[in-house]
Amino acid sequence: MPKADLLAHKARLERANLADLAAATAVHASALTGAGWSAHLERQRLDDAAWHALYDLAQSVGLPEAIEALFSAKTVNPSENRPALHWALRTPSLNGLDGEALSVRESLEPASIFAERLRTGAIATASGTRFENIIHIGIGGSDFGPRLLADAFHMERDRRFNLRFCANLDPIDLDLALEGCDPHKSLVIGVSKSFGTEETLYNLTRAKAWLAAALGDKAADHMALVTSRPDRAHAWLGTAKANCFDMPASVGGRFSIWSNAALACQIALGPQILQDFHAGAHEMDTHFKTAKLAENLPCRLALLDYWNASLIGYPMRVVLAYARRLRFLPTYLQQLEMESNGKSVGPQGIRLQSPTAPALWGGEGSVGQHSYHQWLHQSGQSVPTEFILAPDANSETAGRRALTAHALAQAEVLANGRSHADIQEEEPDLPEAIAAQKIHVGGRPSSFLTHSAFGPKALGALIALYEHRTYAAGVLWGVNSFDQWGVEAGKTMAGRLKAALQMGTPLEDAVTAKIANGF
Ligand code: F6P
């Protein structure tokens, strides 16, 4: 019984010394690699026997078959009776694709042509000039991915375009996105898979009015909409001749960075960056599809997530992106992992017995060292951290070396700690009360991912890695990673409260009423 074996390994390992485990574990004799990324898992609370028990678990729940089902366009999203075809968007050609996967890949073509014609000026503004401002309006998976991609490669952007993002209902978000933009030279891109998200419709409506005030009935020519509901989009825009591009129903919002949701990036970063980005993801797809379990990067990380969350019981995982280009990655991963696997009931409606996805947070290294690293080192809670070290290969040498040293040092001190004896030897005259406060208990597990030549290909492979890790972990936990029933109740309640606030009618919940009373 894999799960019973795992409990025995947990009991054996939860107090083990990480340094001893790292030395004794042959499983890590060579670094785990895939599509240009290397992962070091030696500082996790696992040894050979525990890893082999995890491999048995993976086999027993059918992880290899689940991987096959994903790439065979089978129904892996049972509650919505859909396949998950984000991988089809990044295949290098149409070859080998058929059915829905083929139409998903073909969905990119019209928007790519639109982007290229706008970049060359063949598509011009209503007054015949070139577009200069590209304003992306979307939220969640219709925002995080494009925003991460645009920020990662801001240095490489096409400087003819000024790219802005707006996501929030807070009116100032759109005010900031439009600040300094001339509507006569602006394209507003609305991205909403459902074309029913309140925040996006609110901001799109305000942006459309902003355009119409300057352009009159030409406003629609300064808009592009990306959605799986063109019927709603055309009705909203009030004209059938809208620039409307497909966001396939079988591509989940948090898996849609590869789709036309990234139209703004296609324009402002140019086609080569997007092609390389897709190529890197496709390379990781091939690795995930073909690598044996023990050498399969997404599978090993998913097994580690299962072990840390469901066996050891760590309630969180902290992602530390030691790369300025990856500063938005933790936010992106929060939706990808927590909206996919933050569930406690399986697809058959049965409550799950063990914890699933941990709370994921983190930020940019080395910046976090001046914020929450005190907590990571000396709070009473030991939580797994995940270092992603990917500085530019051609960045200034001293800075790159220092960043590398800090990332390595943080992981080492978290694992090995700093004993009372170390402190006494280094600072013999220190008062005992202070010496005690300087102790680092250590034993804090971490993973370390590295890439030697970061760029669009590396980012594509990294995001595909996390997508597959999320899916594989969902299979291990027994959840459907592709639906999100947990977001509906809040939206429905907000609709009721908005109406009540508008009408001044009493609010049912006493505390809500007291809080609202102050507004
Ligand atoms: O958070 C719920 C959610 O549906 C996400 O899954 C999605 O990425 C986001 O809202 C935006 O949805 P849409 O693209 O349909 O506007």
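The values are calculated or read from the model by the stated rules, or taken from the named source; none is laboratory data. Bear in mind that the values here come from a model prediction, so they are computed numbers and not experimental data. Neighbour counts run over all protein chains shown; Cβ positions are idealised from the backbone, glycine included.
Is at least one residue of region 70-88 over 19 Å from Gln266 (Cβ atoms), in a helix (DSSP H, G or I) and in the same structural domain as Gly280 (by TED's automatic domain parsing)? Yes: region 70-88 contains one or more residues that are over 19 Å from Gln266 (Cβ atoms), in a helix (DSSP H, G or I) and in the same structural domain as Gly280 (by TED's automatic domain parsing).
State all residues of region 180-209 that are away from the ligand (no atom under 14 Å from the Cβ) and part of a strand (DSSP E or B); if no residue qualifies, say none. Scanning region 180-209 gives Ser186, Leu187, Val188. Any chance you could count how many residues in region 9-46 are within 22 Å of Thr450 (Cα to Cα), in contact (Cβ under 8 Å) with a residue 24 or more places away in the chain and among the charged types (D, E, K, R)? Residues meeting the conditions: 2. Checked against the criterion of being under 28 Å from Arg90 (Cα atoms), in the same structural domain as Leu297 (by TED's automatic domain parsing) and in contact (Cβ under 8 Å) with a residue 12 or more places away in the chain, the candidates Ala411, Ala407, Ala458 yield just one match: Ala458.
Whether any residue in region 441-452 is buried (at least 20 other Cβ atoms within 10 Å of the Cβ) and within 19 Å of Val251 (Cα to Cα) is what I want to check. Scanning region 441-452, I find no residue that is buried (at least 20 other Cβ atoms within 10 Å of the Cβ) and within 19 Å of Val251 (Cα to Cα), so the answer is no. Of Thr125, Thr120, all but one fail to be buried (at least 20 other Cβ atoms within 10 Å of the Cβ), hydroxyl-bearing (Ser, Thr, Tyr) and more than 16 Å from the ligand (Cβ to nearest atom); the exception is Thr125. Restricting region 145-179 to residues that are within 15 Å of the ligand (Cβ to nearest atom) and small (Gly, Ala, Ser) leaves a set whose member that is farthest from Ala249 (Cα to Cα) is Ala167.
Checking the conditions here, which among Phe195, Phe255, Phe277 is touching a residue at least 24 places away in the same chain (Cβ under 8 Å) and in contact with an Asp or Glu (Cβ under 7 Å, 6 or more places away or on another chain)? Reasoning before the result, please.
Values: Phe195 fails: in contact with an Asp or Glu (Cβ under 7 Å, 6 or more places away or on another chain); Phe277 fails: in contact with an Asp or Glu (Cβ under 7 Å, 6 or more places away or on another chain).
Checking each option against the conditions leaves just Phe255.
Regarding Thr200, is this residue touching a Cys at 6+ places or on another chain (Cβ under 8 Å), among the hydroxyl-bearing types (Ser, Thr, Tyr), on the phi < 0 side of the Ramachandran plot and modelled with pLDDT of 95 or more? Judged against the criteria, Thr200 is not a match. So which of Ser354, Ser419, Ser366 ends up being of a type in the set (S, T, N, Q) and modelled with pLDDT under 95? Within the list Ser354, Ser419, Ser366, the selection yields Ser354.
Out of everything in region 131-159 that is in a loop (DSSP other than H, G, I, E, B) and in contact with a Phe, Trp or Tyr (Cβ under 9 Å, 6 or more places away or on another chain), what residue ends up being surrounded by the fewest Cβ atoms within 10 Å (Cβ to Cβ)? By that ranking, first place goes to Glu132.
Across region 50-64, not a single residue is classified as part of a loop (DSSP other than H, G, I, E, B) and either buried (at least 21 other Cβ atoms within 10 Å of the Cβ) or hydroxyl-bearing (Ser, Thr, Tyr) (or both). Please determine, by comparing only the residues of region 210-258 that are modelled with pLDDT under 95 and under 30 Å from Gln272 (Cα atoms), which one is farthest from the ligand (Cβ to nearest atom). Going through the qualifying residues, I end up with Lys241.
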